[in-house]
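Below is one structure, written out as C-alpha cells; the observations come after it.
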Amino acid sequence: MHYLRFVIPQQLIQSLQNTKGFKEDSFLETHQSNTPITSIRINPNKSNWSKSLLSIESKIPWCNWGRYLTERPSFTFDPLFHAGAYYVQEASSMFLLQILQQIIGEDTQKKALDLCAAPGGKSTLLASYFANGLLVSNEVIKQRASVLVENITKWGSDNVIVTNNDPKDFKKLSNFFDVIVIDAPCSGSGLFRKDKNAIDEWSQDNVNLCSQRQQRIIADTIDSLSDDGLLIYSTCSYSKQENEDVLDWIKETFDLESVQINLVDEWGIIETQSDLHNAFGYRFYPDKVKGEGFFIAAFKKNGESEISTKFKETILSKPLKNELEIVNNFLKLNDDSYLFKQNEFIRFFPKEYQIELQIIASYLYIKKAGIELGIVKGKDLIPSHELAMSFIDINHLPYFDLNKEQALQYLGKKEVNIDINSKGWALVKFDGVVLGWIKALQNRINNYYPIEWRILKDNLNK
Ligand code: SAM
C-alpha cells in the first residue's frame with residue numbers, strides 16, 4: 001500500500017493523521033482503485049424526458065434530484081445534456097441541498113448569493129431550490145464567468161443574475177442577502193481521484209495561501225449577509241487549515257452561530273468540530289462516501305442591525321410600446337413579468353425582484369439577468385436562444401421532435417433534414433425537451449443554434 005505515498009503527497013497524509021474519520025489505508029486504497037463514480041443532478045423543470053441515453057443506477061440519498069449512473073457516457077452525444085435537462089455534478093457537492101432543506105425548508109422565497117459560482121454546479125442547484133426567490137451567481141474570473149452564463153442559460157431559470165465581480169464589490173450591498181454560499185477556491189485535494197494534475201499542484205504552502213484567501217473572501221462578503229442570514233462555506237480540500245480552522249476564524253471574527261446538520265449513518269459523512277469553538281463541519285472521504293472529497297459547514301448570523309441601508313437603483317431602459325406589442329403577440333407573458341432592454345435586446349425578469357435587479361445593476365457588473373427574449377426587427381421578434389432554453393411558456397409555438405441523429409445535426413449547427421409544411425419560427429425538441437430555434441423559409445430551414453456552443457465537427461465525426 002505504501003507505494004501510493006509517492007502519488008498522494010506525504011505531507012497531506014501526515015497532516016490528516018489526527019483528523020476525525022481519516023483512515024490512511026482505506027483512503028489510499030480508494031485513490032488507487034480508481035473506480036470512477038459518475039453522477040448527475042436532474043433539472044426539475046425539464047425532467048419529462050423518457051428516451052434518456054443515461055443508465056441510472058440509483059438515487060443519491062441526500063439529494064432527491066441526484067442520480068448515480070452505472071457508467072460515464074459520452075455526454076457530448078446526449079442532446080439532453082445540451083438542453084440543460086441535467087447537470088453533471090459529483091455527488092458529495094449535492095449535500096448543499098440537504099443543508100438548505102434542513103435549515104430553510106419550504107420557505108424558499110429568499111435572496112441568495114453564490115459568490116464563487118463558475119462553472120455553475122452549486123448555482124444550478126440553488127436556482128432550482130430558490131425557484132421562487134432570487135439568485136445572484138457571481139464569478140470573479142472573466143473567462144469562467146462566460147462558462148457560468150452558458151450553464152445558467154441552459155438550465156433555464158429566469159430568476160438568476162450572473163455577475164462578474166470581486167468579492168469586495170459586495171461590501172456595498174450591506175445586509176442584502178438571506179443566504180450566501182461560498183464554495184471557495186482551494187488546494188483541491190478532494191478532487192485528486194478526478195484530476196491527477198491537482199496532485200502535482202498540491203503543496204502545503206498553497207494550502208496556507210488558500211486558507212488566507214478563503215478568510216479574505218469571507219471577510220469581504222459577510223456584511224452583505226442579512227440578520228438571521230445563512231452562510232454556507234465549502235471546499236473540495238481535506239486540509240484542516242482550509243476547513244475547521246477557517247470555521248474557528250469565522251467564530252472568532254464574526255457574530256455567527258454554527259449550525260448542526262442531521263446525518264444518516266449509511267451516508268458515511270463525518271461530522272467534525274473545530275478545535276477552539278466546536279463549530280460543526282461535514283467531511284466527505286471517498287473511502288466512506290460514494291462521492292469525491294468535500295467539506296461543508298453552515299452558520300446563522302446573529303443580531304439585528306438598526307441601520308436600514310438605502311441602496312441606489314439604476315433604472316433600466318424600457319422597451320418601446322410597439323416592441324412590447326410584438327413581444328406580447330409572440331409570447332403569452334403574465335402580469336408578473338418585468339421587461340427591460342439591454343443592447344437593443346428585450347429581457348424578462350420576475351417583476352417581484354425588479355427593485356433588487358435595479359440595485360444589483362447599480363453596484364455590480366451584470367453578465368446576464370433573467371432571460372433574453374429577443375430583438376425586434378421591423379414587425380418581427382427574432383427570438384433568442386435563452387428564451388428557448390427558459391421555463392417561460394412557449395408551448396403554443398410550433399415544434400418538431402427530432403430523432404437523435406437529427407438532434408446532433410442541429411446541435412452541430414448543420415442542416416437539419418426534416419419535412420416542414422409551415423413557414424416561420426419553430427422549436428426543435430428531443431425527448432420532449434427544447435433544443436433551440438429553427439426558422440422555416442420557402443425552400444430551406446435555418447438553424448439558429450448558437451454557433452459558440454455547437455458540437456464541433458471533430459466530435460460529430462468520431
Ligand atoms: N461553485 C462552483 C461549482 O459548484 O460549480 C465551483 C467553484 S470553484 C471551487 C471556486 C471558484 O472561485 C472558481 O470558479 C474560481 O475562479 C473562483 N475564485 C478564484 N479566486 C477567487 C477569489 N479571490 N475570490 C472569489 N472567487 C475566486
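The values are calculated or read from the model by the stated rules, or taken from the named source; none is laboratory data. Since the model is a prediction, treat every value here as computed from it, not as a measurement. Methodologically, a virtual Cβ is constructed for each residue, glycine included, from the backbone with ideal geometry; neighbour enumeration extends over all protein chains shown.
Do you know which residues across the range 87-116 are more than 12 Å from the ligand (Cβ to nearest atom) and in a loop (DSSP other than H, G, I, E, B)?
Those that are more than 12 Å from the ligand (Cβ to nearest atom) and in a loop (DSSP other than H, G, I, E, B): 104, 105, 106, 107, 108, 109, 110.
Would a scan of the range 267-285 turn up a residue that is touching an Asp or Glu at 6+ places or on another chain (Cβ under 6 Å), among the aliphatic types (A, V, I, L, M), more than 26 Å from residue 176 (Cβ to Cβ) and modelled with pLDDT of 95 or more?
yes
Return the residues of the range 251-270 that are farther than 12 Å from residue 288 by Cβ and surrounded by fewer than 11 Cβ atoms within 10 Å (Cβ to Cβ); say none if nothing qualifies.
Within the range 251-270, 252, 262, 264 qualify.
I'm trying to understand the selection: among the residues of the range 97-117, which are among the aliphatic types (A, V, I, L, M) and under 18 Å from the mean Cα position of the chain (by Cα)?
Across the range 97-117, the qualifying residues are 97, 99, 100, 112, 113, 115, 117.
Give 60, 152 a once-over and let me know the one that is over 30 Å from residue 227 (Cα atoms), at pLDDT 95 or above and touching a helix residue (DSSP H, G or I) at 6+ places or on another chain (Cβ under 8 Å).
60
Name every residue in the range 174-223 that is basic (Lys, Arg) and within 11 Å of the ligand (Cβ to nearest atom), in order of residue number.
213, 216
Looking only at the range 146-160, filter to residues that are touching a residue at least 40 places away in the same chain (Cβ under 8 Å) and out of contact with any Ser or Thr (no Cβ under 8 Å at 6 or more places or on another chain); which one of those is farthest from the ligand (Cβ to nearest atom)?
Among those that are touching a residue at least 40 places away in the same chain (Cβ under 8 Å) and out of contact with any Ser or Thr (no Cβ under 8 Å at 6 or more places or on another chain), it is 159.
So which of 137, 123 is in contact with an Asp or Glu (Cβ under 8 Å, 6 or more places away or on another chain) and either within 8 Å of the ligand (Cβ to nearest atom) or modelled with pLDDT under 95 (or both)?
123
Tell me, please, whether a residue that is buried (at least 21 other Cβ atoms within 10 Å of the Cβ) and under 30 Å from residue 275 (Cα atoms) can be found in the range 71-83.
no
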